[in-house]
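Report on one structure; see the data block that follows.
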Amino acid sequence: ENRKKSSKKSNSSESLSSSEIEESPSSGANSEDSDHHPSSKHGFKRTDTMQMLYDDNNGDDSILPDGSNIGTLDDKNSNNSTSTSNNNNNNNKRGELKHMESMKFMSKREMTSTQEIWNMLTMIPNPLFCGYFLLSGAWLSQSMIDDVRAKMENDGVDYSATMSLSSVTPGESQSSSSFYGFGTLLDDNNGCVQSSWFPNLHALPPLPMVMVFIACAIHAPFSMWYHWNCAMTLPQGLPRLTHLSRRLDHSFIHISSAITSFGTSGSWKYFLVNVAYNMECIYTNFLPDIVPKRNQIRIVFSILAYFLPLLMRGQTILFIEGIALIVAGSLVFATYPFGGWSHCVFHVILTALPPLLMQAQPERTIVQLEHAAKCAILHQDQQQYI
């Protein structure tokens, strides 16, 4: 009897322990607690997936379905805060490095007020020369006029028709098919120009040349404004680097580069591609952090972009001459061999660049040059008759 009683007690204790471990879902109010593993310290419900993980991990209930250790959950908040502080520290270090780079850049470029005034003055010759080049008619060579005249003579042009041109006033018509459709003299229909102020300006300048002049003229005022501020109001160091006038100076270098790309290519599509690139560069110029090296590299690419059409069109000598000017100016700007006067020398070197670019001859420029040569022939023959 005692043996029977002890066996009954052991069976009941086993059934009790098994019921504690594996209670049925129909246990009423205690059903939620029944889903918790008795050895779990974390209060997570045991799902079928977790049961498999539990079995696969030799009874380790601290492994989550994603394979991570549940014991690390308590440390996640502290880790997140630590990583955030580390990120902030890294950002601060980056900011300090950029600040040090900017300070190093400006420390090599400290200039007196007199030097800054000369920096401003050396921006004036470029637009003035380009304007004179266009209005004086220097863009149309006598050799071009002679070539067009020879072509007209070979085609059997009767120059006796020019004898009556002096009697024709602007706006009046005279039929003369021998002049390639130039049946009227100096009126809006033939596109020729006559001015006592500009006697050698026989026609409007080709559009690509005009664009080079606009590019040169549009940048100069903002560069002059920046150098004037440096001479009069801005202290040495970062204030000169971050001032609005400097940001605009660099921005209009990019605007000038985009416009010049049409002057050297004569292509509106190529112009629009350069506009897109230079607009993105302008955006970076107005970011809070100024990175001089990044800005200089972007300017170099914008310059190379408007030289590339010369090389593609076979104007190799013109391309080499232009690149030589850019390299010489860049070396002076990067090394500052003349101290505070180096920036002024840099401007002087680049003064020769726009007149060089005006010699670029896209297809549309050649057509306009031939048109201007025909106008010049009309004017010359008129003067001979008078």
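The values are calculated or read from the model by the stated rules, or taken from the named source; none is laboratory data. Please read all numbers here as calculations on a predicted model, not as lab measurements. Every residue, glycine among them, receives a Cβ derived from its backbone with ideal geometry; neighbour counts consider all protein chains shown. We work out accessible area using only protein heavy atoms, side chains counted, and drop any ligands, DNA or RNA first. Shrake-Rupley method; radii C 1.70, N 1.55, O 1.52, S 1.80 Å.
Couple of notes before you dig in:
- Only one of 257, 261, 302 that is under 23 Å from residue 121 (Cα atoms), free of Cβ contacts under 8 Å to residues at least 60 places away in the same chain and open to solvent by less than 60 Å² (accessible area, probe 1.4 Å): 257
- Tallying residues that are at pLDDT below 95, under 20 Å from residue 347 (Cβ atoms) and among the aliphatic types (A, V, I, L, M) within the range 233-254 yields 2.
- Test: residue in the range 234-255 that is outside any loop (DSSP other than H, G, I, E, B) and touching a Pro at 6+ places or on another chain (Cβ under 6 Å): no
- In the range 269-292, the residues that are within 11 Å of residue 254 (Cα to Cα) and of a type in the set (D, E, K, R) never reach a residue that is in a helix (DSSP H, G or I) and modelled with pLDDT of 95 or more with C-beta atoms less than 8 angstrom apart, at least six apart or across chains.
- Selection status of residue 308, closer than 16 Å to residue 358 by Cα and open to solvent by 40 Å² or more (accessible area, probe 1.4 Å): yes
- Within the range 352-383, the set of residues being of a type in the set (Val, Ile, Thr) and over 24 Å from residue 313 (Cα atoms) comprises 377 only.
- In summary, residue 173 fulfils each of the numbered conditions (1) over 30 Å from residue 355 (Cβ atoms); (2) modelled with pLDDT of 90 or more with the single exception of condition (2).
- Only listed residue being surrounded by 14 or more Cβ atoms within 10 Å (Cβ to Cβ), more than 49 Å from the chain's Cα centre (by Cα) and at pLDDT below 85, chosen from 159, 180: 159
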